[in-house]
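Step one of this worksheet: look at the structure below.
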Amino acid sequence: MFKGVIFALLAVLLVCSPLIACDPTVFSITVKVTGMGRVTTDPAGIYCSNTDPDPSHTESCSRNFDASEEVATEVTFTNEPATGWRLVSSTDVPDNFELGKKYVLEFVFGPLADGDGGDGDEPANMVITDLSVAPHVVGPGVPVTIVVTVQNTGQLSGDKQIVLSIEGPTEDTRTEDTRDVVALAGGDSATKSFTVSRDESGIYVVEVDGYGSTDQFEVVIA
């Protein structure tokens, strides 16, 4: 009996993870809303509204969708910016959600800038064009500089929330997202710098909004 309990616990640990739901008959969706606006789903179940204009404030809403519901694995999302706001960026929504998995979708709203909505003007399109990390090898506690380059390829002004994530060698060294906002006029580009340091030895992978994943630095204890 004791061995059976151990095997059951091991099975849960192997199946459950941040990306895999414990119940293979459901899929879990978490919606994160930054800026003033709301996101709803069809079928109903998620109504995520943010009324705080602070770009560092994010509302998070979650729901499990059961395979027994008549929804198959398709969920439609509707975003509604508050008056004077617009959708700046959002996570690509899968055509179909897989049972047994967890999904996190982010929607970022920003205030309308002067001149937005002009006839014939291309809307703002904020893209990350470069990510640099220096130095690549440091001692414990030594600062590392991460520089992100953002370009607005559209004609209208816009802003983008920069989400920096650092994945360390162990669970204890994985950091939560660091966020900042870059505002640019049409055609402009700018850089945003982050300074970080780590005490534990190992390799740390740097990623910004999905850009990177191969950029890293290593902490070496002499």
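Only the coordinates and a few stated rules stand behind these numbers; no lab work does. Since we're looking at a predicted model, the values are computed, not measured. Cβ: placed from backbone, ideal geometry, glycine included. Neighbour counts: every protein chain shown.
Around Thr91, with a cut-off of 11 angstrom between Cβ atoms, what is the net charge of the other residues, counting Lys and Arg +1 and Asp and Glu -1? With Lys, Arg at +1 and Asp, Glu at -1, the neighbours total -2. The residues packed around Ala134, meaning those with a beta-carbon under 14 Å from its beta-carbon, carry a net charge of -3 if Lys and Arg are +1 and Asp and Glu are -1.
If you plug the beta carbon distance of Thr73 and Glu200 into 1/(1 + (r/R0)^6) with R0 = 41 Å, you get a FRET efficiency near 0.55. The gain in end-to-end length when the Asp92 to Thr153 segment is fully stretched comes to 20.0 nm, 0.36 nm per residue minus the alpha carbon separation. Extension gain for Asp215 to Ala82 (0.36 nm times residue separation, less C-alpha to C-alpha distance): 44.2 nm.
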